[in-house]
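**Q** Just passing along the structure, written as structure tokens.
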Amino acid sequence: MSIFYRIFLVIIVFIIISCGSEDSKNKGWNIDVDSDIYIVPIGDVEEKYLSHLVPKLEERFTTKVYLALDKRMPIPDYAYDEDANQYVAMYILTEMSKKLSFPGDYKILGVCNVDLFLPESNYPFIFGQAIRGGKVALISMIRMNPNSYVGGKPNDELLFKRMQKEAIHELGHTFGIDNTYDPECVMFLPKDLKELDKKTDSFTLPAQQEFIELTKKKKK
Ligand SMILES: [Zn+2]
């Protein structure tokens, strides 16, 4: 086989591979929303734990995402439940709805670092919560942080991936999308870190279709 023919084959294979990856990029795991998104620290959360969310959220929601560090809010005392030694996520969401507002059409993602729970539910804890179709969503880093557990080593890369998935999930609820049963979909409700790590950060087809239907209804 001549050297030119080999080079020609390599180029052809390269073109096929690049087309393939272009295709998967264009499959569209995103949704296209009208609202801007503002990220607000709730309590003590360092900026580096928020800034990595911006490009990922901009990609998934096809919109502008802002860090609103100056709107930082304390965790309300009344959200703490002494018996559970955890925080009631809905109380924090209520406080966010009351205290935070931004110009135009917007959604708010609060990020905190305390253990959240849902009273009278079977879940021992939750990664986050949102008001479905509302303006506010909340995630907590604490259960996603490999460093939070005995013997766990710091791993910011893994923490960032988990936070991105849960931020997209909870914000997805603010745009009206329900939990899905597809364990790969970002809208799947994970009961533990294993399930969270298994799912992707993408809206799979059923979640996208639900969003499209909701948008159509809104326009009617
Ligand atoms: Zn959910």
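**Q** Go through segment 19-44 and count every residue that is modelled with pLDDT of 50 or more and either part of a loop (DSSP other than H, G, I, E, B) or among the hydrophobic types (A, V, I, L, M, F, W, C) (or both).
**A** Filtering segment 19-44 down to residues modelled with pLDDT of 50 or more leaves 27-44.
Checking which are either part of a loop (DSSP other than H, G, I, E, B) or among the hydrophobic types (A, V, I, L, M, F, W, C) (or both) leaves us with 27-35, 37, 39-40, 42-44.
Within segment 19-44, residues that are modelled with pLDDT of 50 or more and either part of a loop (DSSP other than H, G, I, E, B) or among the hydrophobic types (A, V, I, L, M, F, W, C) (or both) number 15.
**Q** Hey, another quick one. What are the residue pairs meeting all of these: first residue in segment 106-123, first residue among the basic types (Lys, Arg), second residue crowded, with 20+ Cβ neighbours inside 10 Å, Cβ atoms under 8 Å, and 6 or more apart or on different chains?
**A** The qualifying pairs are Lys107/Ile37; Lys107/Tyr38; Lys107/Val136; Lys107/Ala137; Lys107/Leu171; Lys107/Thr174; Lys107/Phe175.
**Q** Go through Tyr78, Tyr91, Tyr87 for me and flag whichever is in a strand (DSSP E or B), hydroxyl-bearing (Ser, Thr, Tyr) and without any contact (Cβ under 8 Å) to a residue 60 or more places away in the chain. Can you show your working first?
**A** On the way: Tyr78 fails: in a strand (DSSP E or B); Tyr91 fails: in a strand (DSSP E or B).
On inspection, the qualifying residue turns out to be Tyr87.
**Q** Scan (1) within 15 Å of Asn30 (Cα to Cα); (2) surrounded by fewer than 20 Cβ atoms within 10 Å (Cβ to Cβ); (3) not basic (Lys, Arg) for the single condition Cys185 breaks and write down its number.
**A** So the condition that Cys185 fails would be (2).
The values are calculated or read from the model by the stated rules, or taken from the named source; none is laboratory data. These numbers come from a predicted model, not from an experiment. In this analysis, Cβ positions are derived from the backbone assuming ideal geometry, glycine residues included, and neighbour counts consider all displayed protein chains.
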